[in-house]
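What follows is a single structure, written as C-alpha coordinates, with notes after it.
The values are calculated or read from the model by the stated rules, or taken from the named source; none is laboratory data. It should be emphasised that the depicted structure is a prediction, and the values quoted were computed from it without experimental measurement. Every residue, glycine among them, receives a Cβ derived from its backbone with ideal geometry; neighbour counts consider all protein chains shown.
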Amino acid sequence: MEAHINSVQFAGDYTLNGIILHNHQNEGIDVADQGIDIQDLVVEMNIFESIYKNSITGSLVITDSINLIAKLPIQGTERLSFNLSTPGGPGPGPGFQIDCTERSGHPMHIYKLTDRQQLSEGIQVYTLHFCSREFLRNLRTKVSETFEGRIDQMVYKILDDENYLDSRRYFNYQKTRNQDKITIPNITPFQAIEMLSKRALAESDNDNAAGYYFYQTVQGFHFRSFESLCVTSNGVPRKPKQVFSYGPVMADEEITDTPNMIESQEVTKIEKDYSSVETYKFINNLHDVAMNQAVGTYAHRVITHNLYNKSYKISDYHYHNRFNDIHHTDGQRNKISNPPIVDTPVDHERTIDGKRDRGVSDYPESRVTVMPTTQFSHGEETGAFGVDVENDGITEASRISQRASIEAGTRLKLTVKGQSFLEPGDLIEFNVLAVENKIESKGRLDPQNAGRYIISKIRHRVTNSEYIQILECVKDSVYTRYHTDEEDNFQGRQLRNAESISIDINQYDDISDGKSTGGF
(Lines give C-alpha, C1' and ligand atoms only; values in the text may rest on other atoms or scores of the structure.)
Protein backbone atom coordinates (compact mmCIF):
# COMPACT_ATOMS: atom_id res chain seq x y z
CA MET A 1 0.00 0.00 0.00
CA GLU A 2 1.55 3.27 -1.11
CA ALA A 3 1.67 6.48 0.94
CA HIS A 4 -1.10 8.97 0.19
CA ILE A 5 -0.61 12.71 0.66
CA ASN A 6 -3.14 15.29 1.87
CA SER A 7 -4.48 16.27 -1.53
CA VAL A 8 -7.81 14.94 -2.76
CA GLN A 9 -7.70 13.61 -6.30
CA PHE A 10 -10.97 11.68 -6.34
CA ALA A 11 -13.75 10.56 -4.01
CA GLY A 12 -12.34 7.67 -2.02
CA ASP A 13 -8.87 9.18 -1.84
CA TYR A 14 -7.20 9.27 1.58
CA THR A 15 -4.23 10.52 3.55
CA LEU A 16 -2.09 7.83 5.17
CA ASN A 17 1.61 8.44 5.60
CA GLY A 18 2.84 5.30 7.27
CA ILE A 19 1.65 2.28 9.25
CA ILE A 20 4.23 1.82 12.00
CA LEU A 21 4.60 -1.47 13.84
CA HIS A 22 6.43 -1.34 17.19
CA ASN A 23 7.65 -4.51 18.88
CA HIS A 24 7.52 -5.14 22.63
CA GLN A 25 10.73 -3.13 23.09
CA ASN A 26 9.46 -0.23 20.92
CA GLU A 27 11.86 -1.28 18.15
CA GLY A 28 11.69 -2.14 14.48
CA ILE A 29 13.78 -4.75 12.70
CA ASP A 30 16.68 -2.37 13.17
CA VAL A 31 17.18 -1.85 16.93
CA ALA A 32 17.98 1.82 16.31
CA ASP A 33 14.50 2.44 14.87
CA GLN A 34 11.39 2.99 17.00
CA GLY A 35 9.24 0.73 14.90
CA ILE A 36 9.04 -0.23 11.23
CA ASP A 37 6.83 1.24 8.52
CA ILE A 38 4.90 -1.70 7.02
CA GLN A 39 2.58 0.29 4.74
CA ASP A 40 4.21 -1.18 1.62
CA LEU A 41 3.43 -4.69 2.92
CA VAL A 42 -0.24 -4.01 3.70
CA VAL A 43 -2.75 -5.16 1.08
CA GLU A 44 -5.84 -4.13 3.01
CA MET A 45 -6.64 -2.40 6.30
CA ASN A 46 -9.99 -2.67 8.07
CA ILE A 47 -11.27 -0.80 11.13
CA PHE A 48 -14.52 -1.86 12.80
CA GLU A 49 -16.72 0.37 14.98
CA SER A 50 -20.23 -0.20 16.32
CA ILE A 51 -22.70 1.25 18.83
CA TYR A 52 -23.16 -2.37 19.99
CA LYS A 53 -19.45 -2.87 20.75
CA ASN A 54 -17.49 -1.49 23.69
CA SER A 55 -14.19 -1.21 21.80
CA ILE A 56 -12.60 -0.77 18.37
CA THR A 57 -11.06 -3.66 16.46
CA GLY A 58 -9.41 -3.99 13.07
CA SER A 59 -7.20 -6.07 10.81
CA LEU A 60 -4.28 -5.81 8.39
CA VAL A 61 -3.85 -8.20 5.47
CA ILE A 62 -0.09 -8.40 4.88
CA THR A 63 2.01 -9.80 2.07
CA ASP A 64 5.38 -10.38 3.73
CA SER A 65 8.62 -10.87 1.80
CA ILE A 66 11.00 -9.80 4.62
CA ASN A 67 9.99 -12.40 7.23
CA LEU A 68 8.59 -9.77 9.56
CA ILE A 69 7.13 -12.40 11.90
CA ALA A 70 10.53 -13.77 12.83
CA LYS A 71 12.68 -10.64 12.55
CA LEU A 72 10.59 -8.15 14.52
CA PRO A 73 9.38 -10.56 16.04
CA ILE A 74 5.56 -10.64 16.05
CA GLN A 75 4.19 -12.36 19.14
CA GLY A 76 0.95 -10.48 19.95
CA THR A 77 2.34 -7.69 22.15
CA GLU A 78 3.09 -5.15 19.41
CA ARG A 79 1.63 -1.68 18.93
CA LEU A 80 0.37 -0.15 15.69
CA SER A 81 0.50 3.55 14.78
CA PHE A 82 -1.21 5.29 11.85
CA ASN A 83 -3.23 8.39 11.00
CA LEU A 84 -5.99 8.05 8.41
CA SER A 85 -8.03 10.99 7.11
CA THR A 86 -10.04 12.19 4.15
CA PRO A 87 -8.02 14.84 2.29
CA GLY A 88 -9.74 18.14 1.83
CA GLY A 89 -12.31 17.22 4.49
CA PRO A 90 -13.50 19.30 7.45
CA GLY A 91 -10.27 18.58 9.43
CA PRO A 92 -7.54 18.28 10.36
CA GLY A 93 -8.06 17.94 14.08
CA PRO A 94 -9.97 15.78 16.56
CA GLY A 95 -13.20 14.46 15.09
CA PHE A 96 -12.07 14.56 11.47
CA GLN A 97 -9.28 11.99 11.37
CA ILE A 98 -8.57 8.53 12.70
CA ASP A 99 -5.54 9.32 14.86
CA CYS A 100 -4.01 6.14 16.24
CA THR A 101 -0.46 7.42 16.59
CA GLU A 102 2.04 7.20 19.44
CA ARG A 103 1.97 11.00 19.53
CA SER A 104 -1.75 11.03 20.35
CA GLY A 105 -1.27 8.33 22.96
CA HIS A 106 -3.84 6.02 21.35
CA PRO A 107 -1.98 3.47 19.21
CA MET A 108 -3.68 0.16 18.47
CA HIS A 109 -2.49 -3.12 19.95
CA ILE A 110 -1.81 -6.33 18.03
CA TYR A 111 -3.45 -9.32 19.69
CA LYS A 112 -3.72 -12.08 17.07
CA LEU A 113 -2.17 -13.43 13.85
CA THR A 114 -4.32 -15.64 11.58
CA ASP A 115 -4.62 -17.05 8.04
CA ARG A 116 -0.86 -17.49 7.59
CA GLN A 117 0.12 -19.23 4.36
CA GLN A 118 3.03 -19.22 1.94
CA LEU A 119 2.19 -17.92 -1.52
CA SER A 120 5.54 -18.73 -3.11
CA GLU A 121 9.16 -19.03 -2.14
CA GLY A 122 10.09 -16.07 0.05
CA ILE A 123 6.53 -14.64 0.23
CA GLN A 124 3.88 -15.32 2.84
CA VAL A 125 0.51 -13.73 3.54
CA TYR A 126 -1.26 -13.41 6.89
CA THR A 127 -3.70 -11.24 8.82
CA LEU A 128 -2.79 -9.19 11.88
CA HIS A 129 -5.69 -8.33 14.20
CA PHE A 130 -5.55 -5.21 16.35
CA CYS A 131 -7.69 -3.53 18.99
CA SER A 132 -7.81 -0.53 21.29
CA ARG A 133 -5.90 -0.59 24.57
CA GLU A 134 -9.17 -0.66 26.51
CA PHE A 135 -10.15 -3.94 24.82
CA LEU A 136 -7.19 -5.65 26.49
CA ARG A 137 -7.52 -3.75 29.79
CA ASN A 138 -11.06 -5.11 30.01
CA LEU A 139 -9.77 -8.69 29.81
CA ARG A 140 -7.03 -8.09 32.38
CA THR A 141 -8.96 -6.36 35.17
CA LYS A 142 -12.08 -6.89 37.29
CA VAL A 143 -14.40 -4.43 39.05
CA SER A 144 -15.40 -5.29 42.61
CA GLU A 145 -16.64 -2.10 44.23
CA THR A 146 -19.73 -0.28 45.48
CA PHE A 147 -20.58 2.93 43.62
CA GLU A 148 -22.93 5.68 44.67
CA GLY A 149 -24.26 8.70 42.77
CA ARG A 150 -25.37 9.30 39.19
CA ILE A 151 -25.06 6.39 36.76
CA ASP A 152 -22.92 8.40 34.29
CA GLN A 153 -20.49 9.23 37.11
CA MET A 154 -20.12 5.53 37.92
CA VAL A 155 -19.33 4.76 34.29
CA TYR A 156 -16.71 7.50 34.16
CA LYS A 157 -15.10 6.16 37.35
CA ILE A 158 -14.71 2.70 35.80
CA LEU A 159 -13.44 4.17 32.53
CA ASP A 160 -10.93 6.52 34.18
CA ASP A 161 -9.69 4.52 37.19
CA GLU A 162 -6.11 3.27 36.79
CA ASN A 163 -7.15 -0.03 38.39
CA TYR A 164 -9.82 -0.62 35.76
CA LEU A 165 -9.84 0.62 32.12
CA ASP A 166 -7.45 3.53 32.79
CA SER A 167 -8.60 5.17 29.54
CA ARG A 168 -7.18 8.49 28.35
CA ARG A 169 -9.69 8.94 25.54
CA TYR A 170 -12.53 11.46 25.32
CA PHE A 171 -15.65 10.44 27.24
CA ASN A 172 -18.84 11.79 25.63
CA TYR A 173 -21.71 11.27 28.05
CA GLN A 174 -25.33 12.22 28.61
CA LYS A 175 -26.25 12.98 32.20
CA THR A 176 -28.59 10.56 33.94
CA ARG A 177 -31.39 11.66 36.23
CA ASN A 178 -31.36 8.58 38.43
CA GLN A 179 -28.97 8.11 41.32
CA ASP A 180 -28.37 4.85 43.12
CA LYS A 181 -25.99 2.78 45.19
CA ILE A 182 -24.81 -0.25 43.20
CA THR A 183 -22.37 -3.02 44.06
CA ILE A 184 -20.41 -4.46 41.14
CA PRO A 185 -19.68 -8.15 41.88
CA ASN A 186 -16.16 -8.86 40.55
CA ILE A 187 -16.87 -8.70 36.80
CA THR A 188 -15.00 -7.12 33.88
CA PRO A 189 -15.26 -3.34 33.39
CA PHE A 190 -17.32 -3.69 30.21
CA GLN A 191 -19.72 -6.09 31.94
CA ALA A 192 -20.05 -3.62 34.82
CA ILE A 193 -20.77 -0.72 32.45
CA GLU A 194 -23.29 -2.84 30.54
CA MET A 195 -25.07 -3.51 33.83
CA LEU A 196 -25.14 0.21 34.57
CA SER A 197 -26.30 1.03 31.02
CA LYS A 198 -29.48 -0.98 31.53
CA ARG A 199 -30.37 1.17 34.55
CA ALA A 200 -29.59 4.56 33.04
CA LEU A 201 -32.41 7.09 32.58
CA ALA A 202 -31.82 10.37 30.74
CA GLU A 203 -31.86 13.62 32.69
CA SER A 204 -33.37 15.73 29.90
CA ASP A 205 -37.10 16.49 29.93
CA ASN A 206 -37.03 15.90 26.16
CA ASP A 207 -35.57 12.40 26.51
CA ASN A 208 -37.69 9.63 28.03
CA ALA A 209 -35.46 6.81 26.89
CA ALA A 210 -34.76 3.94 29.27
CA GLY A 211 -31.34 2.36 28.91
CA TYR A 212 -28.14 3.72 27.39
CA TYR A 213 -25.59 2.61 24.80
CA PHE A 214 -21.93 2.46 25.75
CA TYR A 215 -19.59 2.21 22.78
CA GLN A 216 -16.19 3.24 21.49
CA THR A 217 -15.41 5.00 18.22
CA VAL A 218 -12.08 6.25 16.90
CA GLN A 219 -12.92 9.60 18.52
CA GLY A 220 -13.57 8.29 22.02
CA PHE A 221 -16.17 6.62 24.25
CA HIS A 222 -19.89 7.39 24.25
CA PHE A 223 -22.50 6.81 26.97
CA ARG A 224 -25.92 8.00 25.85
CA SER A 225 -29.46 7.05 24.86
CA PHE A 226 -30.55 6.25 21.33
CA GLU A 227 -33.00 9.15 21.55
CA SER A 228 -30.09 11.57 22.07
CA LEU A 229 -28.68 10.45 18.72
CA CYS A 230 -31.91 11.59 17.04
CA VAL A 231 -32.54 14.92 18.78
CA THR A 232 -30.73 17.55 20.84
CA SER A 233 -31.33 18.08 24.56
CA ASN A 234 -34.00 20.63 23.55
CA GLY A 235 -35.87 18.05 21.50
CA VAL A 236 -34.84 19.56 18.15
CA PRO A 237 -34.09 16.96 15.44
CA ARG A 238 -30.36 16.72 14.80
CA LYS A 239 -29.02 17.80 11.45
CA PRO A 240 -27.69 14.95 9.34
CA LYS A 241 -23.90 14.57 9.31
CA GLN A 242 -24.10 13.59 5.65
CA VAL A 243 -26.85 13.27 3.03
CA PHE A 244 -26.52 10.23 0.78
CA SER A 245 -28.43 9.61 -2.44
CA TYR A 246 -28.86 6.54 -4.60
CA GLY A 247 -29.76 6.78 -8.27
CA PRO A 248 -30.81 9.98 -10.05
CA VAL A 249 -30.35 13.19 -8.07
CA MET A 250 -33.66 14.86 -7.17
CA ALA A 251 -34.59 18.50 -6.94
CA ASP A 252 -38.02 19.96 -6.25
CA GLU A 253 -39.60 16.49 -6.65
CA GLU A 254 -38.49 16.33 -10.28
CA ILE A 255 -35.81 14.13 -11.76
CA THR A 256 -32.80 15.93 -13.09
CA ASP A 257 -29.99 14.47 -15.15
CA THR A 258 -27.62 17.28 -14.22
CA PRO A 259 -24.61 15.34 -12.91
CA ASN A 260 -23.24 17.99 -10.54
CA MET A 261 -26.39 19.21 -8.81
CA ILE A 262 -27.53 18.19 -5.32
CA GLU A 263 -30.77 19.66 -3.98
CA SER A 264 -30.52 22.50 -6.52
CA GLN A 265 -27.03 23.40 -5.31
CA GLU A 266 -24.11 23.23 -7.71
CA VAL A 267 -21.30 21.03 -6.41
CA THR A 268 -18.08 19.55 -7.76
CA LYS A 269 -18.00 16.03 -9.11
CA ILE A 270 -15.94 14.91 -6.11
CA GLU A 271 -18.51 16.33 -3.67
CA LYS A 272 -21.29 14.61 -5.56
CA ASP A 273 -19.42 11.30 -5.52
CA TYR A 274 -18.92 11.55 -1.75
CA SER A 275 -22.68 11.86 -1.25
CA SER A 276 -23.51 9.06 -3.70
CA VAL A 277 -24.25 5.51 -2.58
CA GLU A 278 -22.48 2.82 -4.60
CA THR A 279 -24.69 -0.04 -3.41
CA TYR A 280 -27.34 -0.51 -0.75
CA LYS A 281 -29.05 -3.52 0.76
CA PHE A 282 -31.67 -4.09 3.42
CA ILE A 283 -30.24 -6.61 5.86
CA ASN A 284 -33.65 -7.63 7.15
CA ASN A 285 -37.00 -7.79 5.42
CA LEU A 286 -38.35 -4.55 6.84
CA HIS A 287 -39.77 -5.29 10.28
CA ASP A 288 -39.95 -8.86 11.53
CA VAL A 289 -43.36 -8.74 13.18
CA ALA A 290 -43.10 -12.26 14.59
CA MET A 291 -39.76 -11.55 16.26
CA ASN A 292 -40.87 -8.17 17.57
CA GLN A 293 -44.00 -9.75 19.01
CA ALA A 294 -41.97 -12.46 20.74
CA VAL A 295 -39.27 -10.24 22.24
CA GLY A 296 -41.73 -7.69 23.65
CA THR A 297 -41.38 -4.78 21.25
CA TYR A 298 -45.13 -4.33 20.82
CA ALA A 299 -46.50 -5.69 24.07
CA HIS A 300 -44.93 -6.91 27.29
CA ARG A 301 -46.21 -7.84 30.74
CA VAL A 302 -43.76 -7.28 33.58
CA ILE A 303 -44.65 -8.67 37.00
CA THR A 304 -42.57 -6.94 39.65
CA HIS A 305 -42.15 -8.70 43.01
CA ASN A 306 -41.29 -6.24 45.78
CA LEU A 307 -39.11 -8.14 48.25
CA TYR A 308 -39.40 -5.36 50.83
CA ASN A 309 -43.17 -5.23 51.34
CA LYS A 310 -43.96 -8.69 49.87
CA SER A 311 -46.21 -7.24 47.17
CA TYR A 312 -46.39 -7.61 43.42
CA LYS A 313 -47.54 -5.42 40.56
CA ILE A 314 -48.51 -6.21 36.95
CA SER A 315 -47.43 -3.61 34.37
CA ASP A 316 -48.58 -3.97 30.75
CA TYR A 317 -46.63 -2.15 28.05
CA HIS A 318 -48.47 -0.97 24.92
CA TYR A 319 -46.15 0.07 22.07
CA HIS A 320 -48.55 2.40 20.24
CA ASN A 321 -49.82 4.12 23.38
CA ARG A 322 -46.24 5.00 24.33
CA PHE A 323 -44.74 5.58 20.88
CA ASN A 324 -44.99 9.37 21.18
CA ASP A 325 -43.38 9.39 24.63
CA ILE A 326 -39.94 9.35 23.01
CA HIS A 327 -38.29 10.79 19.91
CA HIS A 328 -37.56 8.60 16.89
CA THR A 329 -35.43 8.86 13.77
CA ASP A 330 -38.34 10.14 11.65
CA GLY A 331 -41.19 12.39 12.71
CA GLN A 332 -41.41 14.54 15.85
CA ARG A 333 -42.69 13.56 19.26
CA ASN A 334 -46.30 14.64 19.87
CA LYS A 335 -46.45 16.12 16.36
CA ILE A 336 -45.90 13.58 13.62
CA SER A 337 -46.06 9.91 14.57
CA ASN A 338 -44.47 7.49 12.10
CA PRO A 339 -44.52 4.05 13.74
CA PRO A 340 -43.22 1.20 11.56
CA ILE A 341 -46.43 -0.77 12.09
CA VAL A 342 -50.01 0.47 12.44
CA ASP A 343 -52.32 -0.21 15.36
CA THR A 344 -55.15 -1.68 13.30
CA PRO A 345 -56.75 -4.93 14.53
CA VAL A 346 -55.00 -8.16 13.55
CA ASP A 347 -57.52 -10.68 14.89
CA HIS A 348 -61.17 -11.04 15.87
CA GLU A 349 -60.40 -11.12 19.58
CA ARG A 350 -61.71 -8.10 21.49
CA THR A 351 -59.63 -5.98 23.85
CA ILE A 352 -60.27 -6.27 27.60
CA ASP A 353 -62.50 -3.19 27.58
CA GLY A 354 -64.42 -4.61 24.60
CA LYS A 355 -64.11 -1.43 22.53
CA ARG A 356 -62.21 -2.87 19.55
CA ASP A 357 -60.49 -5.93 18.15
CA ARG A 358 -56.89 -6.38 19.21
CA GLY A 359 -53.84 -4.98 17.42
CA VAL A 360 -50.25 -6.15 17.84
CA SER A 361 -49.85 -4.01 20.97
CA ASP A 362 -52.89 -5.52 22.71
CA TYR A 363 -51.28 -8.88 23.57
CA PRO A 364 -49.22 -8.26 26.73
CA GLU A 365 -48.82 -11.98 27.31
CA SER A 366 -46.72 -12.29 24.14
CA ARG A 367 -43.82 -11.77 26.55
CA VAL A 368 -44.08 -12.10 30.31
CA THR A 369 -41.20 -11.20 32.63
CA VAL A 370 -40.98 -11.61 36.40
CA MET A 371 -38.73 -8.92 37.87
CA PRO A 372 -37.62 -8.86 41.51
CA THR A 373 -37.28 -5.40 43.02
CA THR A 374 -37.06 -3.87 46.46
CA GLN A 375 -36.76 -0.68 48.47
CA PHE A 376 -34.29 0.38 51.14
CA SER A 377 -31.59 -2.07 49.99
CA HIS A 378 -29.17 0.83 50.53
CA GLY A 379 -31.35 2.98 52.77
CA GLU A 380 -33.16 4.68 49.87
CA GLU A 381 -36.86 4.37 49.06
CA THR A 382 -36.18 3.61 45.41
CA GLY A 383 -36.33 0.57 43.16
CA ALA A 384 -34.08 -1.09 40.57
CA PHE A 385 -33.63 2.11 38.52
CA GLY A 386 -32.97 4.44 41.44
CA VAL A 387 -36.43 6.03 41.07
CA ASP A 388 -39.93 5.21 42.37
CA VAL A 389 -40.19 1.44 42.77
CA GLU A 390 -43.75 1.53 41.38
CA ASN A 391 -42.35 2.45 37.95
CA ASP A 392 -39.85 -0.41 37.73
CA GLY A 393 -42.07 -2.71 35.66
CA ILE A 394 -43.11 -0.26 32.96
CA THR A 395 -39.59 1.22 32.80
CA GLU A 396 -38.08 -2.23 32.20
CA ALA A 397 -40.69 -2.99 29.53
CA SER A 398 -39.96 0.35 27.83
CA ARG A 399 -36.22 -0.33 27.86
CA ILE A 400 -36.63 -3.72 26.23
CA SER A 401 -39.08 -2.40 23.62
CA GLN A 402 -36.87 0.55 22.66
CA ARG A 403 -33.80 -1.66 22.26
CA ALA A 404 -35.66 -4.32 20.28
CA SER A 405 -37.32 -1.80 17.94
CA ILE A 406 -33.83 -0.71 16.89
CA GLU A 407 -32.10 -4.07 16.64
CA ALA A 408 -35.09 -5.78 14.98
CA GLY A 409 -36.21 -2.73 13.00
CA THR A 410 -35.15 -1.51 9.57
CA ARG A 411 -31.45 -2.17 9.02
CA LEU A 412 -29.75 -0.78 5.94
CA LYS A 413 -26.24 -1.43 4.60
CA LEU A 414 -24.64 1.28 2.43
CA THR A 415 -21.34 1.26 0.57
CA VAL A 416 -19.96 4.79 0.19
CA LYS A 417 -16.67 6.57 -0.41
CA GLY A 418 -14.55 6.81 2.74
CA GLN A 419 -15.17 9.87 4.92
CA SER A 420 -13.09 9.74 8.08
CA PHE A 421 -15.31 12.22 9.96
CA LEU A 422 -18.23 9.76 10.06
CA GLU A 423 -18.59 7.57 13.14
CA PRO A 424 -21.21 5.24 14.65
CA GLY A 425 -23.99 7.23 16.31
CA ASP A 426 -24.02 9.88 13.58
CA LEU A 427 -27.34 10.72 11.95
CA ILE A 428 -27.47 10.60 8.16
CA GLU A 429 -30.16 11.10 5.53
CA PHE A 430 -30.73 8.55 2.77
CA ASN A 431 -32.52 9.63 -0.40
CA VAL A 432 -33.73 6.77 -2.54
CA LEU A 433 -36.50 6.88 -5.15
CA ALA A 434 -39.67 4.85 -4.88
CA VAL A 435 -39.39 1.52 -6.71
CA GLU A 436 -42.15 2.19 -9.25
CA ASN A 437 -41.55 3.82 -12.61
CA LYS A 438 -39.53 7.00 -12.09
CA ILE A 439 -41.72 9.10 -14.36
CA GLU A 440 -44.99 7.93 -12.78
CA SER A 441 -43.65 8.50 -9.27
CA LYS A 442 -42.47 12.02 -10.28
CA GLY A 443 -39.21 11.40 -8.48
CA ARG A 444 -40.76 10.95 -5.05
CA LEU A 445 -38.68 9.33 -2.35
CA ASP A 446 -39.45 5.85 -1.07
CA PRO A 447 -42.26 6.49 1.45
CA GLN A 448 -40.95 4.02 4.04
CA ASN A 449 -37.24 3.44 3.48
CA ALA A 450 -35.96 6.93 2.68
CA GLY A 451 -35.28 9.46 5.40
CA ARG A 452 -33.17 9.62 8.54
CA TYR A 453 -30.99 6.79 9.84
CA ILE A 454 -28.50 6.34 12.67
CA ILE A 455 -25.17 4.76 11.72
CA SER A 456 -24.89 1.68 13.94
CA LYS A 457 -21.74 0.12 12.45
CA ILE A 458 -18.87 1.22 10.23
CA ARG A 459 -16.27 -0.84 8.45
CA HIS A 460 -13.43 1.33 7.15
CA ARG A 461 -11.78 -0.54 4.27
CA VAL A 462 -8.53 0.89 2.92
CA THR A 463 -6.66 -0.57 -0.04
CA ASN A 464 -3.92 0.83 -2.23
CA SER A 465 -6.47 2.23 -4.66
CA GLU A 466 -9.22 3.67 -2.46
CA TYR A 467 -10.87 4.16 0.93
CA ILE A 468 -14.48 3.02 1.25
CA GLN A 469 -16.88 2.62 4.13
CA ILE A 470 -19.55 0.00 4.64
CA LEU A 471 -22.19 1.60 6.84
CA GLU A 472 -24.88 -0.32 8.68
CA CYS A 473 -27.71 2.02 9.57
CA VAL A 474 -30.89 1.64 11.62
CA LYS A 475 -34.17 3.44 12.09
CA ASP A 476 -37.12 2.84 14.43
CA SER A 477 -39.78 4.59 12.35
CA VAL A 478 -40.76 5.18 8.71
CA TYR A 479 -40.22 8.19 6.45
CA THR A 480 -43.91 8.68 5.66
CA ARG A 481 -46.66 7.68 8.03
CA TYR A 482 -48.76 4.65 7.02
CA HIS A 483 -52.33 5.48 6.12
CA THR A 484 -54.98 3.96 8.39
CA ASP A 485 -58.73 4.48 8.79
CA GLU A 486 -58.45 3.56 12.49
CA GLU A 487 -60.80 0.61 12.15
CA ASP A 488 -62.13 -0.97 15.35
CA ASN A 489 -62.82 -4.34 13.75
CA PHE A 490 -60.50 -6.85 12.12
CA GLN A 491 -61.00 -6.68 8.35
CA GLY A 492 -60.36 -10.36 7.70
CA ARG A 493 -63.28 -12.67 7.07
CA GLN A 494 -64.96 -13.97 10.22
CA LEU A 495 -64.48 -17.67 10.90
CA ARG A 496 -67.29 -19.83 9.57
CA ASN A 497 -67.85 -21.72 12.80
CA ALA A 498 -68.21 -20.25 16.24
CA GLU A 499 -66.10 -23.06 17.70
CA SER A 500 -63.39 -25.34 16.36
CA ILE A 501 -64.38 -28.83 15.25
CA SER A 502 -62.75 -31.87 16.87
CA ILE A 503 -62.56 -35.17 14.97
CA ASP A 504 -61.72 -38.55 16.48
CA ILE A 505 -59.32 -40.11 13.96
CA ASN A 506 -60.33 -43.67 15.02
CA GLN A 507 -64.07 -43.33 14.51
CA TYR A 508 -63.91 -44.58 10.91
CA ASP A 509 -61.76 -47.64 11.58
CA ASP A 510 -63.43 -51.14 11.40
CA ILE A 511 -62.05 -52.73 14.55
CA SER A 512 -63.41 -56.23 13.77
CA ASP A 513 -61.26 -56.94 10.67
CA GLY A 514 -58.54 -54.29 11.15
CA LYS A 515 -59.56 -52.50 7.94
CA SER A 516 -60.37 -48.86 7.56
CA THR A 517 -63.79 -47.98 6.24
CA GLY A 518 -62.35 -45.06 4.40
CA GLY A 519 -62.85 -41.41 4.88
CA PHE A 520 -65.98 -39.42 5.26
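Picking from Lys71, Lys112, which residue would you name as being basic (Lys, Arg), modelled with pLDDT of 95 or more and more than 18 Å from Ser167 (Cβ to Cβ)?
Details: Lys71 fails: modelled with pLDDT of 95 or more.
Just a single option satisfies the conditions, and that option is Lys112.
Would you point out which residue out of Asp37, Asp115 is charged (D, E, K, R) and surrounded by fewer than 15 Cβ atoms within 10 Å (Cβ to Cβ)? Before the answer, list the steps.
Details: Asp37 fails: surrounded by fewer than 15 Cβ atoms within 10 Å (Cβ to Cβ).
Exactly one of Asp37, Asp115 is charged (D, E, K, R) and surrounded by fewer than 15 Cβ atoms within 10 Å (Cβ to Cβ), namely Asp115.
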query: Filter the stretch 318-375 for residues that are touching a strand residue (DSSP E or B) at 6+ places or on another chain (Cβ under 9 Å) and of a type in the set (Phe, Trp, Tyr); which is nearest to Arg301 (Cα to Cα)?
result: Tyr363
- line: Those residues of the stretch 306-341 that are in contact (Cβ under 8 Å) with a residue 40 or more places away in the chain and surrounded by 15 or more Cβ atoms within 10 Å (Cβ to Cβ) come to a total of 22
query: When the stretch 375-405 is examined, which residues are found to be under 25 Å from Val295 (Cα atoms) and among the polar types (S, T, N, Q)?
result: Asn391, Thr395, Ser398, Ser401, Gln402, Ser405
field: Any hit, the stretch 109-119, residues being of a type in the set (A, V, I, L, M), touching a residue at least 40 places away in the same chain (Cβ under 8 Å) and not in a strand (DSSP E or B)
entry: no
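When only residues in the stretch 346-403 that are of a type in the set (A, V, I, L, M, F, W, C) and farther than 29 Å from Thr484 by Cβ count, which is surrounded by the most Cβ atoms within 10 Å (Cβ to Cβ)? Show your work before the answer.
Pass one, the stretch 346-403, residues of a type in the set (A, V, I, L, M, F, W, C): 346, 352, 360, 368, 370-371, 376, 384-385, 387, 389, 394, 397, 400.
Still in the running and farther than 29 Å from Thr484 by Cβ: 370-371, 376, 384-385, 387, 389.
Numbers: Val370: 10, Met371: 18, Phe376: 11, Ala384: 22, Phe385: 24, Val387: 17, Val389: 21.
My answer is Phe385.
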field: Residue under evaluation Val289, criteria (1) of a type outside the set (Lys, Arg); (2) closer than 19 Å to Ser398 by Cα; (3) surrounded by 19 or more Cβ atoms within 10 Å (Cβ to Cβ), criterion not met
entry: (3)
message: Pairs needed: first member in the stretch 420-437, over 20 Å from Ala11 (Cα atoms); second member anywhere, assigned to a loop (DSSP other than H, G, I, E, B) and among the polar types (S, T, N, Q); C-beta distance under 8 Å; at least 6 residues apart or different chains.
response: Leu427/Thr329; Val432/Asn449; Leu433/Ser441; Ala434/Ser441
message: Residue under question is Ile341, and the condition is that it be part of a loop (DSSP other than H, G, I, E, B), closer than 28 Å to Ser228 by Cα, hydrophobic (A, V, I, L, M, F, W, C) and at pLDDT 90 or above; does it hold?
response: yes
- prompt: Quick one: in the stretch 380-429, which of the residues that are of a type in the set (S, T, N, Q) and touching an Asp or Glu at 6+ places or on another chain (Cβ under 6 Å) is nearest to Leu201 (Cα to Cα)?
  reply: Ser405
- line: Within the stretch 381-427, the count of residues that are more than 15 Å from Asp476 (Cβ to Cβ), β-branched (Val, Ile, Thr) and under 19 Å from the mean Cα position of the chain (by Cα) comes to 2
message: So Ser59 ticks every box in (1) of a type in the set (S, T, N, Q); (2) under 15 Å from Ile19 (Cβ atoms); (3) part of a loop (DSSP other than H, G, I, E, B) but one. Which box is left unticked?
response: (3)
message: With the structure loaded, tell me whether Ala384 is part of a loop (DSSP other than H, G, I, E, B) and under 18 Å from Arg301 (Cα atoms) or whether it fails that test.
response: yes
query: For the stretch 160-189, how many residues meet the condition of being without any contact (Cβ under 8 Å) to a residue 40 or more places away in the chain, buried (at least 16 other Cβ atoms within 10 Å of the Cβ) and part of a strand (DSSP E or B)?
result: 2
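Criterion first (touching a residue at least 24 places away in the same chain (Cβ under 8 Å) and in a strand (DSSP E or B)) does Pro372 satisfy it? Reasoning before the result, please.
Values: touching a residue at least 24 places away in the same chain (Cβ under 8 Å): yes; in a strand (DSSP E or B): yes.
For Pro372, the condition - touching a residue at least 24 places away in the same chain (Cβ under 8 Å) and in a strand (DSSP E or B) - is met.
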